[in-house]
1. Would you please give the residues with an amide H less than 5 Å from that of GLY311, counting only those at least 5 places away or on a separate chain, with H modeled from the backbone geometry?
2. From the square roots a ≥ b ≥ c of the eigenvalues of the alpha-carbon gyration tensor of segment 373-451, which class results: rounded (a/c under 1.5), prolate (a/b over b/c), or oblate?
3. Within segment 87-144, which chymotrypsin sites (Phe, Trp or Tyr not before Pro) sit in a loop by DSSP and count at most 13 neighbouring Cβ atoms inside 10 Å?
4. For segment 81-117, list residues with backbone N below 16 Å from a point placed 7 Å from the Cα of VAL37 toward its Cβ?
5. Can you give the longest run of the chain that contains no trypsin sites (Lys or Arg not before Pro) sitting in a DSSP loop with at most 12 other Cβ atoms inside 10 Å?
6. Could you list which residues have their amide H under 5 Å from that of LYS208, counting only those 5 or more apart in sequence or on another chain, with H placed in the peptide plane?
7. With θ taken as phi - 60° and the coefficients 6.51, -1.76 and 1.60, list the Karplus ³J(HN,Hα) couplings across segment 267-283 in order, rounded to whole Hz; mark glycine and proline as x.
8. Straight-line reach from LYS85: which lysines have a Cα under 26 Å away, not including same-chain ones fewer than 8 places off?
Amino acid sequence: MKHTPLWVKAFFLCGIPPHKALLCIFDLLALVGTAVVIFFARATFGGVQPELYHWALPLLLLGPLLAMGLGLYQTVSLPPHRELKAQFQMVSLLYGIILAVLFLSHSGDIYSRIVIAGSWAATLVTLPCMRTLCRRLFVRYWWWGKQLIIFDRSNAGRELWHYLKRCPERGLNPVDIVALPTDIEGVRLCFAKAEQRWPTAVAMLLQKADQGLSVDYIAEASRHFDNVLLVPLFSESFQTHWLTPRDLGNTVGLLVRQNLHDKRRLRFKRAMDILLCAAGSVILLPLGLLLALAIRLDSPGPVFYRQRRIGREGREVRIFKFRTMVSNADAVLEEMLAHNLDLKKEWECDHKLKHDPRITRVGRFLRKVSLDELPQLINVVTGDMSLVGPRPIVASEVQKYGPVYEEYCMVRPGITGLWQISGRNNTTYAERVAYDHYYINNWSVWMDLWILAKTVPVVITGYGAY
């Protein structure tokens, strides 16, 4: 606390968590700042009267109240794709209120539609960007988030500890791990000591789902802590599912929803693929032509390379890529693997080589920024692939997927996906399968939008590529 800024201390004295206050401030900056910028951009062309818009600013200040109701300032932050959905709902509801006021006042005709619609559309982009900036600036400070004590009876607390330390943006800051006794007196003494040391912390209770309870740990913890976070430990396969609690009278049910069975959502995903491909073609077609010319000038051989891959329902598809290797790459690979056991071991592990001599100069650049996969937009348009999904695999990789392969066949493979934004080649193949397993079981349109948004900085920085 000695070197804590005065404004942070002021938030603590007011009983306001600093990280929630900062997110609220950055939300306001996004809402008001975006509207002001759009207004002045429109005003440069004339025809707008500034005095007509003064009433809109107080309405924009309602944004944080709506955000609070949608769960954007919770102690445990929402998953990124659900947070994106809540932000969309908040901004749309806020501008819906503004439109309702204009309708009821019968004065809509004197206001610029560009200002209103443009502010709404631009805020959908600036709001998540400002929240990301806020977390980047402050997330590593000790006062960010809520202090967390992990009460562990399953020996899984350390894993959660390391995860939350790596991901402080989730809003929980682990400060202690305590082993829970099995007797009632020991439990009460344990909770009392923890409360004395960390009076404002959140208590996390880890409990195996099939483990009998002789003590009501939740009731005992609730006597000492305002917030108790229960983490039931199911089997490893069960933990990949998102669970939604449902009240069933005197008991609680956990709802598991598989959105891939909803044909309306799948049609929306397909429509989104087509619309985004059409919108991006204005820029991507000229870029593709320039890259094709660079490939031809760099090395002899065709511009495109077609590969056999496994697609939806296990059908074989032929995907397009820009050629990044020498034209006789297969023969070169066979010769290298035959004479170098280390390379052969690396290839058999992940079907990739970190320093692959077959790659051309232009090809190395294309792989670094993932532009070698640009022609796969053709596969997206023809329906063999999607913009977001698991990366397409070859027949020899089926055994590595194991039982997850059946889930892989439920979706179209994608150009980008959860694995690509989570490290790509910096991860193991088992982690890649785990990312695909998680994505398929929890897929939603909002998750796709979040992955697409995260893909842009990953491509620019080349994170995890080689």
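1. Placed amide hydrogens put GLU316, VAL317 under 5 Å from GLY311.
2. Details: a/c = 1.40, a/b = 1.23, b/c = 1.13.
Verdict is rounded for segment 373-451.
3. Working: sites: PHE88, TYR95, PHE103, TYR111, TRP120, PHE138, TYR141, TRP142, TRP143, TRP144; in loops: TYR111, TYR141, TRP142, TRP143, TRP144.
Hits after loop and neighbour filter: TRP142.
4. 115-117
5. Values: sites that count: LYS2, ARG140, ARG223, ARG315, LYS352, LYS354.
Counting only loop sites that pass the neighbour cut-off, the longest clear stretch is 3-139.
6. Those lying under 5 Å, H to H, from LYS208 are LEU233.
7. Along segment 267-283, the couplings run 5, 5, 4, 5, 5, 5, 4, 5, 5, 5, 5, 5, 5, x, 5, 4, 8 Hz.
8. Cross-link targets: LYS20, LYS146, LYS165, LYS263, LYS269, LYS454.
The values are calculated or read from the model by the stated rules, or taken from the named source; none is laboratory data. Because the structure is a prediction, the values reported are computed rather than measured. Virtual Cβ from ideal backbone geometry, glycine too; neighbours counted across all protein chains shown. Protein only, heavy atoms only, side chains kept; ligands, DNA and RNA dropped before computing areas. Shrake-Rupley method; radii C 1.70, N 1.55, O 1.52, S 1.80 Å.
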